[in-house]
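The block underneath contains the structure these notes are about, expressed in structure tokens.
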Amino acid sequence: MIIFPAIDLKSGQVVRLSEGDMDRATIYADDPAGQAQRFAEAGAEFLHVVDLDGAFAGKPENAAAVENIIGSFKGHIQLGGGIRNRATVERWFGLGVSRLVIGTAALKDPIFVKDMAKEFPGGIVVAVDARDGYVATEGWAETSDVSVAELAKRFEDAGVASILFTDVGRDGMLKGCNVEATVDLARQVDLPIIASGGVKGIDDIHILSLYAADGIEGVITGRALFEGKLDLATAIAIGDKAI
């Protein structure tokens with residue numbers, strides 16, 4: 001099971017939001033590339049990066065910070081935020097990003113997402129962000145009438161790498177990951193699932209690792225790392241043992 005330490009970018013800084021609210025951002029670092037290096041030194045081979053401004057704007061807004069991270073982190077980078085057209089996809093893959101996370105466009109322009117998944121095999125992750133069981137879009141500013149499982153199932157045969165499932169109500173709140181909803185989705189959909197939202201400590205990693213065989217591919221964690229509630233090296237060791 002992959003442990004993805006998260007770097008969320010707002011105005012060039014490393015932040016974490018509470019429940020996806022841009023007005024409730026806590027700043028943790030002014031040097032995103034330096035933070036990426038610190039994660040690498042702790043043993044991270046994978047990194048999850050989000051351009052928060054880009055998610056709201058619908059286009060990359062923290063490109064310089066992302067490029068600096070790409071230059072400093074030698075592992076695999078999974079990037080999301082404002083990826084809604086072919087030019088953006090081609091640019092990031094060309095710069096060395098391993099996987100791109102697409103959320104809003106998965107609901108509003110599924111043909112585009114499926115085309116990119118075919119063109120870049122194993123490179124596209126579909127973000128299914130949930131608010132009360134329904135898909136949230138536009139940087140979580142809007143909630144659709146499409147259920148999480150319904151959207152995920154639309155991409156089962158599309159060639160996407162994984163589904164990234166986030167419980168918006170828990171994201172950045174240290175309430176604990178919504179394991180039940182995450183595992184339920186993994187059992188309904190024939191695609192690997194990446195868990196996200198609310199990880200508060202090592203117990204969440206332990207519990208999620210028990211369901212690796214059900215399709216839990218990985219887990220994203222941010223605030224717990226920054227606030228010292230989760231040791232990254234320990235989490236990675238647990239993830240490596242999960243089957």
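The values are calculated or read from the model by the stated rules, or taken from the named source; none is laboratory data. As the structure is a computational prediction, the values presented were derived from the model and not from experiment. All Cβ positions, glycine included, derive from the backbone under ideal geometry; neighbour counts span all protein chains shown. Surface accessibility is based on the protein's heavy atoms, side chains included, excluding ligands, DNA and RNA. Shrake-Rupley method; radii C 1.70, N 1.55, O 1.52, S 1.80 Å.
Computed in the context of the full set of protein chains, the accessible area of segment 155-243 at 1.4 Å probe radius has 46% of its extent on carbon or sulfur. Simple point charges give the picture: +1 on the Cβ of Lys and Arg, -1 on the Cβ of Asp and Glu, and for the chain a dipole about the Cα centre of about 300 debye. Note on Ser147 and Thr26: the model spin-label points, each 7 Å out from Cα along the C-beta direction, lie 3.4 nm apart. Annotated for the chain: lysine pairs at least 8 residues apart or interchain, Cα distance under 20 Å, count 10. Shape class for the chain, computed from the alpha carbon gyration tensor (a ≥ b ≥ c): rounded, with a/c under 1.5.
With 0.36 nm allotted per residue and the present C-alpha distance subtracted, the Lys241-Ala57 stretch has 62.3 nm of extension available.
The residues packed around Ile3, meaning those with a beta-carbon under 12 Å from its beta-carbon, carry a net charge of -4 if Lys and Arg are +1 and Asp and Glu are -1. Each part reduced to its alpha carbon centroid, segment 191-228 and segment 149-164 end up 19 Å apart. In the context of the full set of protein chains, residues of the chain present 41 Å² of accessible surface per residue (probe radius 1.4 Å, heavy atoms only). Taking amide H atoms as placed 1.01 Å from N in the peptide plane, the amide H of Ala158 has no partner under 5 Å among residues 5 or more positions away or on other chains. Our helix-only sum for the chain, with -39,500 (n - 2.57) per DSSP H run of n ≥ 4 divided by its residues, gives a mean residue ellipticity at 222 nm of -9500 deg cm²/dmol.
The residues packed around Phe226, meaning those with a beta-carbon under 11 Å from its beta-carbon, carry a net charge of +2 if Lys and Arg are +1 and Asp and Glu are -1.
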